[in-house]
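J.: Handing you this structure, nothing more for now.
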Amino acid sequence: MSTGLKVKIKSWNGVGFWKWMTNDTDCGICRLPFDGCCPDCRIPGDDCPIVSGQCRHQFHMHCILKWLQTQQMKQQCPMCRRDWQFSD
Amino acid sequence: MASSSKVTPAVDDNTPGEIGATSASIKEEIKWDPFQSPDWDLEKPTSDAIVRMKRDLHLVFSDPLPGIFIAPESDDITRLHALITGPFDTPYEGGFFHFMLRFPPSYPFHPPRVKFMTTGSGTVRFNPNLYRNGKVCLSILGTWPGPQWAPAQNLSSVLMSIQSLMNEKPFHNEPGFHKERLGWEVKSYNDIIRHETLRVAVCDVLERKSYPIELMEVVKLSFMQFYEYYSSTIKKYAPELDDTSMNDPFGINKGTFNFKKLSQRIEKLQLALSSSSL
């Protein structure tokens with residue numbers, strides 16, 4: 001359909017919105033929402049990523065790294081206790 | 001504890017006479033006592049730890065667990081008192097059991113330390129996993145073999161695990177004692193726990209008012225609700241057991257059953273509470 005009207009765009013502002021694709025709303029370690037960041041970070045985003053294990057449990061990367069550092073013997077998922085392996 | 005299999009690393013060190021405190025258990029001492037944690041005094045809790053502690057406390061208040069009450073210390077978020085009432089249909093029913101907990105500065109990456117406070121001043125072993133010196137043997141606390149602490153645990157799950165120790169047949173909590181060997185142990189142990197619950201975890205608690213004030217309020221209210229249970233229990237067991245000696249299959253709890261005396265104490269407490277002079 002054509003109205004014959006002509007519109008000229010002089011300028012525009014783009015607004016983006018992003019969300020982590022997660023199975024759960026909160027990190028099982030710090031219990032803070034994935035849409036925020038871990039307690040050590042201030043700005044959500046690429047600097048405070050979410051990672052998955054092969055068991056499909058997800059955590060703030062900073063949280064799971066801190067946990068794995070305290071485990072010398074066996075590194076297990078905090079949720080299901082399976083051996084922790086980062087998912088690709 | 002320990003038992004015939006001698007596999008458990010936990011040692012009841014303050015009470016060398018405890019079952020199986022054998023020479024086999026010279027393992028590295030596990031720190032468990034929240035009152036003796038100099039290793040934690042040096043370190044301030046991280047701000048992450050404090051955020052997580054607050055969340056855990058908030059969860060207990062917003063999503064209360066049946067029979068579990070907490071009272072955080074007002075000037076120190078890392079310390080709190082917990083009251084667990086003895087679950088229904090167990091020999092612990094109607095009892096008021098007090099625990100002191102302390103969160104580590106690195107919470108939730110390490111488990112809290114817990115001390116059981118309702119021990120009749122170190123004289124009553126209420127459960128194979130609850131020592132007279134206050135040690136709580138639980139794998140997630142790192143004081144027992146089995147699934148260890150993980151940061152997905154929280155205050156609620158710790159308290160629920162402790163509550164689950166107080167079950168219908170605590171005799172079987174002792175490793176290697178999944179079956180009765182002589183046929184009388186479960187009943188005999190339950191009889192002792194039931195009597196000591198009324199004596200130490202009911203009468204002593206209300207007479208001495210030794211629990212934090214917020215928890216005492218819960219104790220007083222619950223006492224009135226349990227009063228019928230106390231009376232019927234005493235009526236039921238006094239004729240059979242009074243003036244006989246306690247026969248603890250583990251040889252730890254000693255004494256003579258005296259439900260008649262407990263009856264007098266409970267009547268007195270009930271009167272005092274009804275006229276709210278307590």
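J.: Within chain B, what's the longest run with no GluC sites (Glu not before Pro) in a DSSP loop and at most 16 other beta-carbon atoms within 10 Å? Give the range, please. Working shown, then result.
T.: Values: sites that count: B:Glu28, B:Glu29, B:Glu43, B:Glu168, B:Glu180.
Looking at chain B, B:44-167 is the longest stretch - no exposed GluC sites (Glu not before Pro) with at most 16 other Cβ atoms within 10 Å.
J.: Which aspartates and glutamates, if any, have their Cα less than 16 Å from the Cα of B:Lys169, not counting same-chain residues under 8 positions apart?
T.: Qualifying aspartates and glutamates at Cα under 16 Å: B:Asp89, B:Glu93, B:Glu180, B:Glu185, B:Asp191, B:Glu196, B:Asp248.
J.: A:Trp84's amide H: which non-local residues (gap 5+, or another chain) put their own amide H closer than 5 Å, with H modeled 1.01 Å from N in plane and none for Pro or chain starts?
T.: Under 5 Å from the amide H of A:Trp84: A:Gln75, A:Gln76, A:Cys77.
J.: Apply the Karplus parameterisation 6.51 cos²θ - 1.76 cosθ + 1.60, with θ equal to phi minus 60°, to every residue of the stretch B:111-125 and state each ³J(HN,Hα) to the nearest whole Hz, in sequence, with x for glycine and proline.
T.: In residue order, the calculated couplings are x, x, 9, 10, 10, 7, 9, 9, 10, x, 6, x, 10, 10, 9 Hz.
J.: Setting aside same-chain residues fewer than 8 positions from B:Lys209, which lysines have a Cα under 20 Å from its Cα?
T.: B:Lys115, B:Lys220, B:Lys261, B:Lys268
J.: Same structure, new question: Would you mind computing Rg(Cα) / (2.2 N^0.38 Å) for the stretch B:23-172, counting N as its residues?
T.: Values: Rg = 15.1 Å, N = 150, 2.2 N^0.38 = 14.8 Å.
Compactness ratio reported: 1.02.
J.: Principal axis extents for the protein assembly as shown, Cα atoms only, whole Å, descending order, please.
T.: 104, 54, 46
J.: Under 5 Å between amide H atoms, partner at least 5 residues away or on a different chain: which partners does A:Ile50 have, H built in plane at 1.01 Å?
T.: Excluding prolines and chain starts, which carry no amide H, the hits are A:Met61.
J.: While we're on this one: Could you pull out the trypsin sites (Lys or Arg not before Pro) across the stretch B:199-278 that fall in loop regions by DSSP (anything but H, G, I, E, B) with no more than 14 other Cβ atoms inside 10 Å? Walk me through the intermediate numbers first.
T.: Working: sites: B:Arg199, B:Arg208, B:Lys209, B:Lys220, B:Lys235, B:Lys236, B:Lys254, B:Lys260, B:Lys261, B:Arg265, B:Lys268; in loops: B:Lys209, B:Lys254.
The qualifying sites are B:Lys209, B:Lys254.
J.: Taking θ as phi - 60°, what are the ³J(HN,Hα) couplings along the stretch A:16-33 by the Karplus curve (6.51, -1.76, 1.60), each to the nearest whole Hz, with x for Gly and Pro?
T.: Ordered by residue, 3J(HN,Hα) equals x, 9, 9, 8, 5, 7, 10, 7, 9, 8, 10, 6, x, 9, 8, 6, 8, x Hz.
J.: Quick one: compute the contact order of chain B, relative version, from alpha carbon pairs under 8 angstrom and 6+ residues apart, as a percent.
T.: Details: 442 pairs, mean separation 47.5, N = 278.
Taking the mean separation of contacting Cα pairs over the length of chain B, I get 17 percent.
J.: Would you please give the FRET efficiency between B:Phe88 and B:Lys209, computed as 1/(1 + (r/R0)^6) with r the Cβ-Cβ distance and R0 = 30 Å, to the nearest 0.05?
T.: Numbers: r = 25 Å, r/R0 = 0.84.
Once the sixth-power term is evaluated, E becomes 0.75.
J.: Counting other Cβ atoms within 10 Å of each Cβ, which chymotrypsin sites (Phe, Trp or Tyr not before Pro) in the stretch B:57-98 have at most 15 and sit in a DSSP loop?
T.: Values: sites: B:Phe61, B:Phe69, B:Phe88, B:Tyr92, B:Phe96, B:Phe97; in loops: B:Phe88, B:Tyr92.
Filter output for the stretch B:57-98: B:Phe88.
J.: Counting C-alpha atoms alone, how compact is the stretch A:24-88: give Rg to one decimal and Dmax as a whole number, in angstrom.
T.: Considering the stretch A:24-88 through its Cα atoms, Rg and Dmax are 11.3, 33 Å.
J.: Who wins for biggest fluctuation among B:Leu206, B:Leu221, B:Leu198 in a Gaussian network model of chain B, springs between alpha carbons below 10 Å?
T.: Among B:Leu206, B:Leu221, B:Leu198, the largest GNM mean-square fluctuation belongs to B:Leu221.
J.: Students often forget the sequence filter, so: which lysines lie under 19 Å Cα-Cα from A:Lys6 once same-chain residues fewer than 8 apart are removed?
T.: none
J.: Over 5 Å intervals from 0, what percent of Cα-Cα pairs in the stretch B:165-252 sits in each interval?
T.: Going from the shortest bin to the longest, the percentages are 3, 11, 20, 20, 17, 15, 10, 4, 1.
J.: Given chain B reduced to its alpha-carbon atoms as identical point scatterers, what log10 I(q)/I(0) does the Debye formula return at q = 0.07, 0.16 Å⁻¹?
T.: -0.26, -1.30
J.: Counting only residues 5 or more places away or on other chains, whose amide H sits under 5 Å from the amide H of B:Lys135 once H atoms are built in the peptide plane?
T.: B:Phe116
Computed from the coordinates by the stated procedures, all read-outs in this text should not be read as laboratory data. Source: prediction; values computed, not measured. No Cβ is skipped: glycine too gets one built from the backbone with ideal geometry, and neighbour counts run over all protein chains shown.
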